[in-house]
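Right, one structure below, let's go through it.
The values are calculated or read from the model by the stated rules, or taken from the named source; none is laboratory data. This one's a predicted model, so the numbers in the text were calculated from it and none came from an experiment. A quick note on method: Cβ atoms are made from the backbone with ideal geometry, for glycine too, and the neighbour counts reach across all protein chains shown. These accessible areas exclude ligands, DNA and RNA; they are computed on the full protein's heavy atoms, side chains included. Shrake-Rupley method; radii C 1.70, N 1.55, O 1.52, S 1.80 Å.
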Amino acid sequence: MSVPPARGIRGASRFFRSGQRPGGERALVAVLCVLIAWFYVWTVRSSGESWNFGEEQRDYYNLLIDGWLEGQLHMKVEVPQALLALKDPYDPARRPAGLGLHDASYYKGKYYVYFGAAPVLTLMLPFRVVTGVDLPLPAAILGFVFGGFVASAMLLRAVRRRYFVDTPPAVVLGGVAVLGFAALGPVLLRRPDMWELPVAGGYCFAMLTLGAVWRSLRAAGNAGRARWLAGAGACLGLAIASRPTYLFAGPLLAVPLAIGWWESRRVPWRETVCALAPLALIGGAMAWHNHARFGDPLQFGQAYQFSLDYESKLPHFGVGYVPYNVEQHFFGAARWSRYFPFVRPPEYGPAPEGYTIHRGDIYGVLANLPAAWLVLFVPLAWWRRTKEERARLGAWLGAVAGLFAGPAVVMLSFFSALARYQMEFVPALMLLACVGMLTVVRCANLRGAWTMRVVASGAVAAAVWSAAFGVLASLSYERLLESRNPAVAHEVARRLNWIPALWERMTGVEHGAIEVALRLPPVASEGEETLVTAGEPERRDRVFLRYVADGRVRVGFRPGEAPERLSEPLVLARDRVHRVRVTLGSLYPPAAHPFFGDRTDEEILRWKRRMQIEVNGAVVLEGYYRFASEGVVSVGREAGFSGAIEDVRRVGAVNVAERLGEVIGEGDTLRLRVRWPRGRSGAREPLVVTGQTGAGDLLYVEYLSEETVRFAWDHWGAPGIASEAVRVDLGAEQIVEITMGSLRTVRDATGVPAEQAGRVNVVLDGRAVWESEGYFHTAEAGEVAVGRNPIGGTSCGPAFTGELLAVDRVRR
């Protein structure tokens, strides 16, 4: 007995009305798919990976194809003799940096690709054979990701047409948006590199597997069912040949076979053979391939992989990793900020023992994608259906659940959690969630028009939020867009920051320097009170007042976790009003904010790097800081000040000096004319300090005796190195020329590599006394200090106590 279709909705808007003509919905879905395709292409093109169509490609997979076409299973790459001579090349501590191909598998003097070969065999090799040119790796990844999305979207529409005929178009569009954006395809495309190809291929073949299972359940006759099950087995085999984790989804093929047995009451031998034969054939080919390469049918090459770890000695899987991975994959809530990119990865705390130190940006699916919770309504899909509908819909949903559960269990026990790993189970979860969305709207429709309108609106809102989060996660993923394509990142930020700027305008939020009129507490006591705070909680900048014993006051600044700065003691009467003006980079919005209008990048950078504190019109503190964040501003009692606040006002963008650095000019060498101090044996004093706290370089002098010194270099985070003893003439003027790689400063260090190779060289009165090479933290022009240690490095004291008579920048 069939169940009559649910009644339509009277009074609802057309977009949320059931029973719409299929042609209109198809057109809307097609437009949305085109929009998703455009975003996919834009994501790949803005990733920094060059396509170079028609040119020779040097990625691992095209090198592997070069080898295949010459009749070998390894990449066509020459192995250096230095690598061949190593006794244990797999130990990264003994393998020189850069000697081996990173994440390639090295075995008996040859390089292999550890990652699954199915995407290469099914797309990149045929493309080469047919066209005669290499297929760029980003284009191949784009093709597989979009193919997987199209397959899942077609499945959703097929399920909707067959079992949810009265679903409003808005709900269907919401489901397609979830599959296009919230299934994390854009995150995978943000870095279309060698690691992403097998994941993309596995995703595409997995969705095709579900499509073939769906068609097998709808096929007429045993022959048709057998053909589609053969297709399902082949696609699942290719998914496994892309990512072996899909092997644990193999039981999903048993679900349609069980339904065939239940309906006909016979053992479906023909269907079983058709389903398992291609799976066994591909599995056998994989075993042969592994044996031919590594002498073991179960060895994919991970034990011989050149990573940053000793792969064969790592515990890759363990039950102890499960709780930590569950939190990361499902419940880690994003940290939100007011401005683009709006989201940042959660902080997960210490990992279990044996867990890898190599981690990336990963967001919990349930915590950040509300549409995922709609999967809880999937069991209601069987409500008020015929026996046949329950059986076939249940069989397909069981197959989708198997595709989610199998890989998820594997990845939850893995010793690492990365966003690309989520692509192995999140797409199936989001497909189930979309069916849950159709289900809850159907159930509401059976209850009445208003119920359906409210529920459908809520479901669409959850879908839109999830899709938007997927887009933001891809834009912010490991700051790749910012680092690889800063111009595009700035333009995207400029456009999207209009949203918070409009809200700030409506709510009266102002930016810029703060001027506070205050009275000190009437009772003089020692201690410290915070006057102004700005920035995110974990990196908050503080301006404070420190009361000293004689009744005077020192103004202080503490930037995040960096060392504090203090003014000279000030005499401030407690019975009068004092005006304190605070200028901090964290009091301004991001550079890509409408607040700055048409200001030049140089002007914006001056404001964003400036710290200046004035008391009653006199500057008492100033400096150059790479402020970490913009955030909530607190003043007065909200910040912790106990005195009286007479007035607080914003004074906007104040004028700042043209250059905040102490040393003007270009080049990587400074010429210092100094007179060394006497009586400082054993002391260490800074000569040139560059960078910022936690990422700086200190070139300092150590006084060994009254006649000898030695020069030393401290690269923050690495062991220091020093010269031999050097004779100097204490009390006399001498010329010291210091060359440092970090003196090749940049305008803005936030969008360039954090370190750069260079040399350190010291010349005393024309005589070279020391030279070395290494890596330096990238510094900005304002982060060069001579004779001072403003970044708080502990390898030397706070200041040079001799006489600094002249400083010039020269070229070498």
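Overview of values
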{"quantity": "Ranked by how many other beta carbons lie within 10 Å on average, peptides 252-263, 169-180, 382-393, 134-145 from highest", "calculated": "169-180, 134-145, 252-263, 382-393"}
{"quantity": "Chain lengthening between Ala549 and Arg494 when straightened (0.36 nm per residue, less Cα-Cα)", "calculated": "14.9 nm"}
{"quantity": "Point-to-point label distance, Thr451-Arg385, nm (Cα→Cβ direction, 7 Å offset)", "calculated": "1.9"}
{"quantity": "Förster radius 51 Å - calculated FRET efficiency between Ala757 and Ala573, Cβ distance, rounded to 0.05", "calculated": "0.35"}
{"quantity": "Charge dipole magnitude, Cβ of K and R +1, D and E -1 - the range 348-454, Cα centre, debye nearest 20", "calculated": "640"}
{"quantity": "Partners for Lys87 among lysines (Cα-Cα distance below 24 Å; same-chain residues under 8 apart left out)", "calculated": "Lys76, Lys108, Lys110, Lys313"}
{"quantity": "Per-peptide average of other Cβ atoms within 10 Å, ordering 287-298, 602-613, 677-688 highest first", "calculated": "602-613, 677-688, 287-298"}
{"quantity": "Contact order relative to length of the chain, as percent, for alpha carbon pairs under 8 angstrom and 6 or more apart", "calculated": "10"}
{"quantity": "Dipole-positive endmost among Pro297, Ile357, Asn368 within the range 238-390 (Cβ charges, Cα centre)", "calculated": "Asn368"}
{"quantity": "Helix axis angle, 426-447 relative to the chain longest principal axis, alpha carbon, degrees", "calculated": "70"}
{"quantity": "Model label zone, Val41; criterion: amide N under 19 Å from point 7 Å along Cα-to-beta-carbon; scope the range 107-149", "calculated": "135-149"}
{"quantity": "Lys, Arg +1 and Asp, Glu -1 on Cβ, resulting dipole of the range 392-537 about Cα centre, debye, nearest 20", "calculated": "1140"}
{"quantity": "Crossing angle, helix 254-264 versus the chain [Cα axis fit, 0-90 degrees, rounded to tens]", "calculated": "20"}
{"quantity": "Inverse of mean 1/r across different Cα pairs in the range 52-132, Kirkwood, Å", "calculated": "13.9"}
{"quantity": "Projected label distance in nm at Ala82 and Ser413, using a 7 Å step from Cα toward the beta-carbon", "calculated": "4.1"}
{"quantity": "Cα lying deepest toward the dipole's positive end in the chain, options Cys204, Leu64, Asn52, charges on Cβ", "calculated": "Cys204"}
{"quantity": "Cα-centred dipole magnitude for the chain, charges only on beta-carbon of K, R (+1) and D, E (-1), debye, nearest 20", "calculated": "4300"}
{"quantity": "Cβ-Cβ FRET estimate between Trp288 and Glu70, R0 fixed at 25 Å, reported to 0.05", "calculated": "0.85"}
{"quantity": "For the range 522-654: relative contact order, % (alpha-carbon pairs under 8 angstrom, 6 or more apart)", "calculated": "27"}
{"quantity": "Simple spin-label estimate for Ala254 and Arg26 in nanometres, 7 Å along Cα-Cβ", "calculated": "4.0"}
{"quantity": "Enclosed volume per residue, in Å³, of the convex hull spanned by Cα atoms of the range 584-631", "calculated": "92"}
{"quantity": "Alpha-carbon Debye profile of the range 231-288, log10 I(q)/I(0) at 0.26 Å⁻¹", "calculated": "-1.01"}
{"quantity": "Highest to lowest packing among 337-344, 548-555, scored as the average C-beta count within 10 Å", "calculated": "337-344, 548-555"}
{"quantity": "Relative contact order [Cα under 8 Å, 6+ residues apart], the range 118-248, whole percent", "calculated": "30"}
{"quantity": "Surface accessible to a 1.4 Å probe, per residue, for the residues of the chain, Å²", "calculated": "44"}
